[in-house]
Amino acid sequence: KRNSWVLRLTDRAQFQLSSQALALYLPLTLARRSYGSRSTAKIFQETGMAHLLAISGLHIGLIYGIILVLVRWLGRLSNRFLEHPRFYEISQLISLTGIWLYLLLIGMPTPASRAVFMLSLLVAGRLLGQVHQPLYALFATAFFFIFLNPAVIYEVSFQLSFIAVLFILWFLPLYPQAHEKDSILKRLVKYGLISIAITTAVMLGTWPVVASIFGRLSMETFWLNLVMVLLLGLFVLPSCLLALLASALSLGNPPFGFLENSIFALTELVVQGWFSVLEFLHQWGNWASFPLTLDWGPPQFILYYTIILGLGKMLTNRFRKTD
């Protein structure tokens, strides 16, 4: 039944979108590849942005946030629901249920499954009033998937996703914190600094693996992540999910509905604009990518990560004392 729904949703998207837009829409919504526009995928591979087209922790976090905001907005329309003492807990449970249903729809790809499992641990810990420690959830998720399949530890996607999240969480105390009392300008500055800090942490953790496997080091990836991830979260993913929802609600009807056509037309403009930004930035900054092959063995990797994580621990401890 799930395969039938996915095929029907894919067919409707093929009817509504151009080949280039379809090559972006299908991976972002249904975790399916479209081979109609190979040049589009090539740009993402050359720039190191291919991870944006794979539903993983970034997408799951954004989708969960979108569902949570929507549920809480709908909840505020009813005073009875809004005044319920468990309003925030219920909204998180509804959002988490939505994420699991979405995971089942896209066929439970491994990166997305890891992200949903970790998110579930975090949400469960918060709802149960336990100490909120994301690193515990990260290691529990990693050990769970290694227990299910020990060979997963050799997969590049597992290594990169685990290291990226580890470094994001390891340097978490150093990130600026946005407060409700902050002005809009101050919030924007803080969010910009947080994006730079997260991107720096990810690059610091993943570059040895990328250089040793792909033989390339790209500083272009740094600023592309700052721009492309922001646009993905603000415009691209919400419009794609809205088109998916409109398409799902229209199943069984001819694909000529005004609402569905309008939403897909908007999605076409958004994803095409997103890709145009990537092409422009790549033409301007492709000089920052150069070949670099690391011939490191396990001792060198262990030494590097021990030093970097040790320095990070010293910085976070110093920051806490200063704070």
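Annotations for the structure displayed:
- Protein accessible area in segment 116-243, 1.4 Å probe - carbon and sulfur %: 74
- Over the C-alpha atoms of segment 153-272, the Rg to Rh ratio, Rh being the Kirkwood estimate, stands at 1.10.
- Average accessible area per residue (Å²) across segment 67-115 - probe 1.4 Å, nucleic acids and ligands excluded: 61
- Entry note: the chain has Rg to Rh equal to 0.97, where both radii use alpha-carbon atoms and Rh is the Kirkwood radius.
- Whole-angstrom Cα spans of segment 64-118 along principal axes, big to small: 40, 16, 14
- Sulfur and carbon atoms: percent of accessible area, segment 5-54 [1.4 Å]: 51
- Convex hull per residue volume in Å³, alpha carbons only, for segment 25-121: 104
- Quotient of the Cα radius of gyration of segment 141-197 and 2.2 N^0.38 Å, N being its number of residues: 1.64.
- For the chain, the longest site-free run once GluC sites (Glu not before Pro) in DSSP loop states with at most 11 other Cβ atoms within 10 Å are removed: 181-323
- Scaled radius of gyration (Cα, divided by 2.2 N^0.38 Å) that segment 77-216 gives: 1.26
- The relative contact order of the chain comes to 21 percent, based on Cα pairs under 8 Å that sit 6 or more residues apart.
- Within the chain, the longest run free of chymotrypsin sites (Phe, Trp or Tyr not before Pro) that sit in a DSSP loop with at most 16 other Cβ atoms within 10 Å is 36-255.
The values are calculated or read from the model by the stated rules, or taken from the named source; none is laboratory data. Given the structure is predicted, the values throughout are model-derived calculations rather than measurements. A quick note on method: Cβ atoms are made from the backbone with ideal geometry, for glycine too, and the neighbour counts reach across all protein chains shown. Ligands, DNA and RNA are stripped out before the accessible areas are found, and what is left, the full protein with its side chains, is counted by its heavy atoms. Shrake-Rupley method; radii C 1.70, N 1.55, O 1.52, S 1.80 Å.
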